[in-house]
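**Q** Please read through the structure below; I'll follow up with questions.
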Amino acid sequence: MIYGRGKTKILDENAFGIWSKIMDHIFKITFNAVGEEEHRRKISEGFRNVNAGIYIHFPFCRSFCLYCPYYREIWDENKFSKYRNALIKEIQIIGNILENSDVKIVDIHIGGGTPSIPNPSFWKDIMEELKENFNINVNLGIEANPEDLADEEKTVKLLDSEVTELSIGVQSFHRTHLKALGRRHSVEDVEKTLKNIEEVGFKHVNMDLMYMIPNIPYEKQLDNWREDLERAVQYKVQQITIYPTLITRHCPARNLIKNGRVTQPVQFLDQFLIEARRILEREGYKRIRIYSWSRGGEYATVNLEMIGPLLALGPGAMGFTGSYEWVNVHSIDEYVKRLSKGELPVSVSRKVNLGERIARYVIDRLFTSGEVKIEEFQRIFGGGLELIPKGLNRSLSLMKLLKFIKFENNCLKLTERGFKKANRLIWAFVLKVPCRLVEKLTIEHYPEKVEI
Ligand SMILES: C[S@@+](CC[C@H](N)C(=O)[O-])C[C@H]1O[C@@H](n2cnc3c(N)ncnc32)[C@H](O)[C@@H]1O
Ligand code: SF4
């Protein structure tokens with residue numbers, strides 16, 4: 001679909017024109033099957049004497065939202081109890097491998113799926129297991145859905161379970177938007193949840209909002225978007241993150257999409273971003289990422305996903321040492337089976353060379369955070385920007401010519417013009433790389449090779 005001009009206007013992986021093509025060009029990635037022994041060795045070698053993050057994937061949802069691009073399965077108590085035992089086993093195996101490696105865990109985030117479904121005591125148990133196996137002095141951050149935290153008692157219990165950071169999937173304060181996205185929760189759930197959270201007092205709360213809602217006419221949607229933002233800032237959340245509704249081939253609404261029954265106002269993408277920026281910055285929020293604003297602090301695992309070192313736990317989780325990347329199997333049954341045999345549940349892995357590490361760093365820093373500090377770049381990579389791989393370098397030169405980026409105060413920075421372009425480049429990347437990987441690994445659990 002050509003950005004803004006195609007017959008069907010949807011934000012799919014080719015919607016961003018030149019930016020989708022640049023992503024195709026820069027990221028040609030191949031994962032391969034890996035043996036148990038080699039995988040253990042790579043983990044052991046990759047996490048020595050480092051500060052690392054932990055990401056745990058909780059792959060259950062009560063129902064599936066229409067445009068969900070993530071790996072998840074339907075909530076089932078019986079499956080959950082097997083997942084619980086397997087997760088504990090995985091923590092113990094990795095803890096064992098890294099026993100004498102001097103790894104300090106500086107960040108733990110749990111994503112999904114819907115990590116707010118189980119009784120919060122589950123996360124307390126997991127935290128205890130983590131502490132027994134790793135050197136940890138941080139609390140937990142989890143993604144939560146409003147239908148779960150509308151229950152005040154559950155919200156209080158979460159804090160007792162060492163969950164101090166929350167990211168709430170509010171998405172919208174409009175019933176019509178929630179319905180169009182196929183969400184389970186109501187606007188009342190959102191209001192109750194936000195009130196509960198305020199009363200309980202978490203250290204850091206992020207609220208996710210979504211725009212580009214399919215099948216809602218543009219003008220109505222833009223008015224509703226402004227209202228959503230005005231309502232969001234009335235709550236005392238530290239951070240607000242905004243997502244355009246991305247459309248992947250494998251999402252639950254795929255048949256509607258094939259029949260041409262899904263449209264989005266893609267040519268107005270910038271308008272939504274501009275409005276968010278205007279309202280959030282007027283209210284004292286500062287832009288910390290191209291799609292996220294904060295009044296202090298940050299809820300994010302993206303830094304470590306892109307740059308590492310990040311330990312991955314749970315089915316579907318992705319880990320990265322900085323030079324070795326692996327993906328756990330995208331199936332709860334397979335995950336349980338592997339761990340019950342005492343094996344790690346890896347599906348595929350690959351080496352990441354210095355050039356790609358640099359490209360990931362530059363894309364993350366420049367296009368999501370807005371700048372690359374040359375001194376920091378030199379400290380990490382031991383050289384100047386000439387180390388940037390050719391493909392990306394050519395794209396950066398063109399962007400400089402077009403005044404999307406500039407040099408200033410020993411930094412490579414996004415300009416005002418570049419801000420809107422970066423919003424396309426980042427979502428083109430998300431659709432082309434992580435979303436494609438989820439799609440392929442959900443279809444085939446242990447491929448010999450995956451090319452994306
Ligand atoms: C990893 S999800 C998990 C959180 C939780 N399961 C939920 O959906 O509320 C994090 C955020 O991704 C966003 N999201 C969901 N579907 C999306 C889509 N199709 N495109 C872009 N973002 C999406 C939502 O704002 C959601 O809160
Ligand atoms: S968008 Fe979130 S809540 Fe909805 S199905 Fe996907 S992971 Fe579950």
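**Q** Please list, ordered by first then second residue, the pairs with beta carbon atoms under 8 Å, 6 or more apart or interchain, first in the range 225-243 and in the same structural domain as residue 292 (by TED's automatic domain parsing) and within 21 Å of residue 368 (Cβ to Cβ), second among the basic types (Lys, Arg) and more than 16 Å from ligand 2 (Cβ to nearest atom).
**A** Hits for this filter: 238/295; 239/295; 241/289.
**Q** Test residue 379 against the criterion of being farther than 21 Å from residue 307 by Cα, among the basic types (Lys, Arg) and assigned to a helix (DSSP H, G or I), and give yes or no.
**A** When the stated conditions are applied, residue 379 does not pass them.
**Q** Here's a follow-up. From the list 122, 134, which residue is within 17 Å of residue 58 (Cα to Cα) and among the hydrophobic types (A, V, I, L, M, F, W, C)?
**A** Residue meeting the stated conditions: 122.
**Q** Could you please find all residues in the range 34-61 being surrounded by 13 or more Cβ atoms within 10 Å (Cβ to Cβ) and part of a helix (DSSP H, G or I)?
**A** The answer is 36, 39, 40, 41, 42, 43, 44, 46.
**Q** Moving to a separate point now. Looking only at residues that are under 23 Å from the mean Cα position of the chain (by Cα) and not aromatic (Phe, Trp, Tyr) in the range 212-235, which one is farthest from ligand 2 (Cβ to nearest atom)?
**A** If we take residues in the range 212-235 being under 23 Å from the mean Cα position of the chain (by Cα) and not aromatic (Phe, Trp, Tyr), then 233 is farthest from ligand 2 (Cβ to nearest atom).
**Q** Give me the pairs, please: first residue somewhere in the range 181-197 and β-branched (Val, Ile, Thr), second residue anywhere and more than 16 Å from ligand 2 (Cβ to nearest atom), beta-carbon distance under 6 Å, and either six or more positions apart or on two chains.
**A** The qualifying pairs are 187/173; 187/175; 197/205.
**Q** Additional query: Residues 80, 31, 64: which one is part of a strand (DSSP E or B) and either in the same structural domain as residue 122 (by TED's automatic domain parsing) or more than 14 Å from ligand 1 (Cβ to nearest atom) (or both)?
**A** Of 80, 31, 64, the one residue that is part of a strand (DSSP E or B) and either in the same structural domain as residue 122 (by TED's automatic domain parsing) or more than 14 Å from ligand 1 (Cβ to nearest atom) (or both) is 31.
**Q** With the checklist (1) within 16 Å of ligand 2 (Cβ to nearest atom); (2) touching a Lys or Arg at 6+ places or on another chain (Cβ under 7 Å) in hand, flag the one item residue 66 doesn't pass.
**A** (2)
**Q** Sticking with this one: Given the criteria within 16 Å of ligand 2 (Cβ to nearest atom), among the charged types (D, E, K, R), out of contact with any helix residue (DSSP H, G or I) (no Cβ under 9 Å at 6 or more places or on another chain) and at negative phi, does residue 179 qualify?
**A** So residue 179 fits the description; yes.
**Q** I would also like to ask the following. Restricted to the range 69-115, and to residues that are under 17 Å from residue 251 (Cβ atoms) and among the β-branched types (Val, Ile, Thr), which residue is nearest to ligand 2 (Cβ to nearest atom)?
**A** Among residues in the range 69-115 that are under 17 Å from residue 251 (Cβ atoms) and among the β-branched types (Val, Ile, Thr), the one nearest to ligand 2 (Cβ to nearest atom) is 114.
**Q** Could you tell me which numbered condition residue 244 fails, if it satisfies all but one of (1) within 16 Å of ligand 1 (Cβ to nearest atom); (2) surrounded by fewer than 18 Cβ atoms within 10 Å (Cβ to Cβ); (3) modelled with pLDDT of 95 or more; (4) not basic (Lys, Arg)?
**A** (2)
**Q** Is it the case, given these coordinates, that residue 126 is under 16 Å from the mean Cα position of the chain (by Cα), among the hydrophobic types (A, V, I, L, M, F, W, C) and either more than 23 Å from residue 73 (Cβ to Cβ) or assigned by TED's automatic domain parsing to the domain that holds residue 89 (or both)?
**A** When the stated conditions are applied, residue 126 does not pass them.
**Q** If the requirement is being more than 24 Å from residue 425 (Cβ to Cβ), within 16 Å of ligand 1 (Cβ to nearest atom) and buried (at least 16 other Cβ atoms within 10 Å of the Cβ), which of these qualifies: 229, 166, 209?
**A** After applying the criteria, what remains is 166.
The values are calculated or read from the model by the stated rules, or taken from the named source; none is laboratory data. What you see is a predicted model; the values in this text were computed from it and never measured. Every residue, glycine as well, gets a Cβ built from its backbone with ideal geometry; the counts of neighbours run over all protein chains shown.
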